[in-house]
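Colleague: Sharing a structure with you now.
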Amino acid sequence: MSLDRFGRNINYLRISLTDRCNLRCVYCMPEDMTFRPRHELLQDDELLRLVNIFAELGFHKFRLTGGEPTVRAHIVDLVHGMAGTPGVEKIAMTTNGLLLDRLARPLAEAGMQRVNISIDTLDPQKFKKLTRWGEVEDVWRGIQAAEAAGLEIKLNAVVVRNYNDGEDLVDLARLTLHQPWQVRFIEMMPFGDVADFQLAGVVSEEELRATIAAGLGPLRPVNGGELDGEARLFRIDGAPGTIGFISSVTQPFCASCNRARLTADGRLRLCLLREMEVDLLTPLRDGADDDQMKAIIKQGIWWKPWGHGLAQDVIPLNRVMSEIGG
Ligand code: SAM
Ligand code: SF4
């Protein structure tokens, strides 16, 4: 078990497999984003060794993210290797879905169980504007491939003022009337170079709920309004699916946070919205043994921060979202 100094049991690791991406969403990275040289990133054997170490420390849930995790070479072999690691119980992925058409089935066969697919609007023009060049039909094909492969599906939409804060939300939420999916709306968070844009475009959960209820009827709380992971869940009467809100900015869920992040360049990031990181890559490459690595990780986890500092204008500037792994 890995406890922090506030008594939180940290057992969920989100791994950024790469800082690269085949899209450039306006809320995530600048269009002229430069990426790290590959030798600065964790290699497959290093990654699998770290997964084994984290599993021995009590981590049992792992999520692959990025950047875009599906653009990483050997992704299916990596998932296979993770699934065979003792202690690893759940493997999920957050993806833009573009490559799921051909990868969903091999990933499911390799041991991945869940997928969160990002789709901010169903409108092809707006989708292109938000992602700078993406085609929403490709994501839709990816969603269908994920379903056919038997993966559990959640859809994620980041809401950006004047981009997708109106009918788009209602159209996305309407999917839950016909599908058993969870459609989650994410409040935009500020990072690095794109922080000004992000802060100007945040739409609060309260406003999102009002817009959806005006279009589809009242949203009934699921689980008595308790958090499900990071999302607060609701259901429209008679719907098989649920609607979730992830409101890290206006309603942070720090008390129940059980997660840590591993960046593609091998840093342990203890809070998405705080700059604190612990370098794991250097000791790993300098020959630290498993016990030494465990000591470094446990020490980092102990000092995991409590709460973000957005209200005090403390914005993490050292990285943008795609580098941390959302
Ligand atoms: N490329 C994959 C994708 O888009 O799903 C995985 C990486 S992406 C960084 C992970 C999640 O973070 C996505 O759901 C994305 O929409 C979300 N995200 C990106 N930038 C964000 C921001 N500034 N605030 C909130 N969520 C953000
Ligand atoms: Fe790429 Fe995902 Fe960031 Fe969009 S949100 S630019 S798909 S990493």
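The values are calculated or read from the model by the stated rules, or taken from the named source; none is laboratory data. All figures in this text were calculated on a predicted structure; none of them were measured in a lab. Because the Cβ atoms are built from the backbone with ideal geometry, glycine has one as well, and the counts that use them run over all protein chains shown. Surface accessibility is based on the protein's heavy atoms, side chains included, excluding ligands, DNA and RNA. Shrake-Rupley method; radii C 1.70, N 1.55, O 1.52, S 1.80 Å.
Colleague: Dipole magnitude of the stretch 1-95 about its Cα centre, charges +1 at Lys/Arg Cβ and -1 at Asp/Glu Cβ only, in debye to the nearest 20?
Modeller: Working: 12 positive and 12 negative charges, 62 e Å.
Charge dipole, the stretch 1-95, about its Cα centre: 300 debye, nearest 20.
Colleague: Another one. Considering the options TYR27, LEU284, TRP181, tell which one lies farthest towards the positive end of the dipole of the chain, charges being +1 on Lys and Arg and -1 on Asp and Glu at the Cβ, about the Cα centre.
Modeller: Of the candidates, TRP181 comes out farthest on the positive side.
Colleague: Let me ask something additional. If you take every DSSP beta bridge fully contained in the chain, what fraction is antiparallel? Give it as a percent rounded to 5. Walk me through the numbers on the way to the answer.
Modeller: Details: 14 of 47 bridges.
Bridges in the chain that DSSP calls antiparallel: roughly 30 percent.
Colleague: Would you mind getting me the FRET efficiency between VAL76 and ASN223? Use the beta-carbon distance for r and R0 = 30 Å, nearest 0.05. Kindly include the intermediate steps, with their values, before the conclusion.
Modeller: Details: r = 34 Å, r/R0 = 1.15.
Given R0 = 30 Å and the Cβ-Cβ separation, E is 0.30.
Colleague: OK, next. For the chain, give the magnitude of the charge dipole about the Cα centre (Cβ charges: +1 Lys/Arg, -1 Asp/Glu; no others), in debye to the nearest 20. Each step should come with its number before you reach the end.
Modeller: Working: 38 positive and 45 negative charges, 90 e Å.
So the dipole magnitude of the chain works out to roughly 440 debye.
Colleague: Along the positive direction of the dipole of the stretch 84-123 (beta-carbon charges: Lys, Arg +1; Asp, Glu -1; about the Cα centre), which of THR85, GLY111, LEU122 reaches farthest?
Modeller: About the Cα centre, the residue reaching furthest to the positive side is THR85.
Colleague: Rolling a 1.4 Å sphere over the protein heavy atoms, what is the accessible area per residue of the chain, to the nearest Å²?
Modeller: Numbers: 13370 Å² over 326 residues.
Counting only protein heavy atoms, the per-residue value for the chain is 41 Å².
Colleague: Now for a different question. How many angstrom separate the Cα center of the stretch 127-144 from the Cα center of the stretch 35-67?
Modeller: 28
Colleague: Right, something else. At most 16 other Cβ atoms within 10 Å and a DSSP loop assignment: could you name the GluC sites (Glu not before Pro) in the stretch 28-125 that fit?
Modeller: On the way: sites: GLU31, GLU40, GLU46, GLU56, GLU89, GLU109; in loops: GLU31, GLU89.
In loop regions of the stretch 28-125 (DSSP not H, G, I, E or B), the sparsely surrounded GluC sites (Glu not before Pro) are GLU31, GLU89.
Colleague: For the chain, which whole-number percentage of the solvent-accessible area (1.4 Å probe, protein heavy atoms only) is attributable to carbon and sulfur atoms? The partial results should precede the final answer.
Modeller: Working: 6710 of 13370 Å².
The C+S portion of the solvent-accessible surface of the chain is 50 percent.
Colleague: By how many nm would the segment from ALA214 to LYS90 grow when fully extended, if each residue of separation counts as 0.36 nm and the alpha-carbon distance is taken off?
Modeller: Values: separation 124, 0.36 × 124 = 44.64 nm, distance 3.69 nm.
Full extension of this stretch gives 40.9 nm more.
Colleague: Shape verdict for the stretch 12-323, please, from the Cα gyration tensor: rounded (a/c under 1.5), prolate (a/b greater than b/c) or oblate.
Modeller: Working: a/c = 1.57, a/b = 1.40, b/c = 1.12.
Taking the square roots of the gyration eigenvalues as a ≥ b ≥ c, the stretch 12-323 is prolate.
Colleague: From the phi angles alone, apply the Karplus equation (6.51, -1.76, 1.60; θ = phi - 60°) to the stretch 113-120 and give each ³J(HN,Hα) in whole Hz, x where the residue is Gly or Pro.
Modeller: After applying 6.51 cos²θ - 1.76 cosθ + 1.60, I find 10, 9, 9, 9, 10, 8, 8, 8 Hz.
Colleague: As I understand it, the dipole of the chain uses +1 on the Cβ of Lys and Arg and -1 on the Cβ of Asp and Glu, about the Cα centre. Which of CYS254, CYS271, SER2 lies farthest toward its positive end?
Modeller: SER2
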